[in-house]
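Presented below is the structure to which this report refers.
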Amino acid sequence: MKVSLKLLTVLCAIIYFVCLLIPDMMVINLDKEKEAEVFMPNISEQKSEEKGFYRLMCEESGEIIKVSERDFLISTISLEMSPLSPTEALKAQAVAARSFYRHKAASSKNADYSFTYNKSMPYIYATIDYFKEKWGDDFEDYYILAEKAVDDTENQVLTYENEVACCSFFAMSDGVTESAEEVWDLSYPYLIPVASPYDSLSPYFERITDLSPKEVKEILLNNWQEEKFDFSLPYDKWFTEIKYNTSSAVKSINMLGFSVTGREFRTAFNLRSTTFDVNFDGENFIFKTKGYGHGVGMSQTGASYMAESGSSYKEILSHYYPGTTLIKLS
C-alpha cells in the first residue's frame with residue numbers, strides 16, 4: 001500500500017510538471033509555426049544563423065557578402081528616399097522595404113545569395129563609405145534619420161493571408177497607382193490601383209523630352225532590329241493607336257505598323273513612366289510623361305505628401321496596400 005501511494009505521488013508530480021510545461025511548449029511551437037509561415041515560407045531550407053541577414057552578390061566581382069537586415073534596410077531606404085523626407089514617410093518606406101525584401105528572399109530559389117547589388121551604381125545596397133562620400137558633413141545627421149526609421153519599425157511587416165506581402169514601391173504615380181496584374185501579369189490583391197493625387201503637386205510630376213526623327217529612328221532600329229519599319233510614312237503617322245489601361249498608363253502603342261507594350265516602349269525610349277503621349281510638332285517628336293517609375297504599390301512622393309498632411313506611417317501603408325495587415329514579428 002505504501003508503494004502504491006508513493007507511485008501515485010510520483011505520477012501526480014509528473015503530471016503537475018507536464019501541465020506546467022505544455023503551455024510553454026505550445027507557445028514556442030506556435031511562434032515557430034507563425035514565423036515559418038509569415039517570416040520565411042521556406043524557412044526549413046534556411047540555416048538558422050542566416051536569419052536576420054541577407055547574402056548579396058556583387059554584380060561586378062561576383063563576390064558574395066553577408067549583410068544584416070538592419071544595415072541593408074538603412075542603406076536601401078537611403079538610396080530610395082531622401083533622409084530629409086517626413087519621418088512617417090520614411091517609416092512607411094522602412095516597413096514596405098522590409099516586407100518586400102523578406103518576400104523576395106523567401107521566394108528566391110537561389111541557394112547562394114538573395115539579391116545582387118552594384119558598387120558603382122548602387123540601387124539596392126551601398127556601404128557606409130558610399131554615404132559618407134555622398135552626404136559629406138551631413139553624413140551623421142542623415143544616417144541617424146534613416147537609422148531611426150528602421151529601428152522605430154523594427155520587425156514590422158505587412159502581411160496578406162498570413163504571408164509577408166510583396167510591398168513594391170516607386171518614385172511617383174501619375175495620380176493613380178497601377179495594378180501588378182497590368183504591369184507584371186502577377187496577381188496580388190493588395191497591389192491594385194489606388195488614388196495618389198498629391199503626386200501631381202510635385203514640381204517633377206511632368207517631363208517633356210524632344211527627339212528628332214533621326215534620333216527616334218536610331219532608337220527603333222537599336223531595339224527592334226528584326227522588325228520591318230515603313231519609314232516612308234509621314235512623321236505624324238509613326239505612332240498611332242495608343243491604348244490605355246484603367247490607370248491611364250499606356251497599355252500598347254502602334255509603331256510604324258506593329259504594336260508593342262507601353263513597358264517595352266518606355267524602356268526603349270528611356271521614359272520616366274508608361275503614362276505618356278507622343279506627338280510630332282513639325283520638327284521633333286515630343287514625349288510628355290507623368291510620374292516616375294513602374295507605378296505599382298506605394299508612391300514615395302505620395303507618401304511624403306500624406307505624411308506632411310498629418311498621416312501616420314500606418315495610414316500611409318493601409319492606403320497604398322489595401323487589405324494587408326501590419327504585424328510585429330518576435
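Note on the range 259-285: among residues that are out of contact with any strand residue (DSSP E or B) (no Cβ under 6 Å at 6 or more places or on another chain) and among the small types (Gly, Ala, Ser), the one that is modelled with the highest pLDDT is 268.
Against the conditions (1) closer than 15 Å to residue 223 by Cβ; (2) part of a loop (DSSP other than H, G, I, E, B), residue 273 satisfies every one except (1).
Pairs only if they're at least six apart or on different chains, beta carbon under 6 angstrom, first in the range 207-232 and closer than 30 Å to residue 172 by Cα and of a type in the set (Ser, Thr, Tyr), second modelled with pLDDT of 95 or more and surrounded by 15 or more Cβ atoms within 10 Å (Cβ to Cβ); list them, first residue then second. Here the result reads 209/287; 212/284, each pair linking the range 207-232 to a residue that is modelled with pLDDT of 95 or more and surrounded by 15 or more Cβ atoms within 10 Å (Cβ to Cβ). Among residues that are in contact with a Phe, Trp or Tyr (Cβ under 8 Å, 6 or more places away or on another chain), at negative phi, of a type in the set (A, V, I, L, M, F, W, C) and not in a helix (DSSP H, G or I), residue 278 is included.
All conditions in (1) of a type in the set (A, V, I, L, M); (2) modelled with pLDDT of 95 or more; (3) not assigned by TED's automatic domain parsing to the domain that holds residue 282 hold for residue 111, with the sole exception of (2). If the condition is being in a helix (DSSP H, G or I) and either among the acidic types (Asp, Glu) or in contact with an Asp or Glu (Cβ under 8 Å, 6 or more places away or on another chain) (or both), then the range 307-328 contributes 307, 308, 313, 315, 316. Of everything in the range 265-313 that is touching a residue at least 60 places away in the same chain (Cβ under 8 Å) and among the basic types (Lys, Arg), the residue that is farthest from residue 165 (Cα to Cα) is 288. Restricting the first member to the range 80-91 and to residues that are in contact (Cβ under 8 Å) with a residue 12 or more places away in the chain, and the second to residues that are among the polar types (S, T, N, Q) and assigned to a loop (DSSP other than H, G, I, E, B), the beta-carbon pairs closer than 7 Å and six or more apart or on different chains are 88/311; 88/312; 91/153. Hey, could you check the range 162-208 for residues that are on the phi < 0 side of the Ramachandran plot and of a type in the set (S, T, N, Q) and say which is surrounded by the most Cβ atoms within 10 Å (Cβ to Cβ)? Checked the range 162-208; the qualifying residue surrounded by the most Cβ atoms within 10 Å (Cβ to Cβ) is 173.
The values are calculated or read from the model by the stated rules, or taken from the named source; none is laboratory data. Keep in mind the model is a prediction, meaning the values are calculated, not measured. Glycine also receives a Cβ, built like all others from the backbone with ideal geometry; neighbour counts cover every protein chain displayed.
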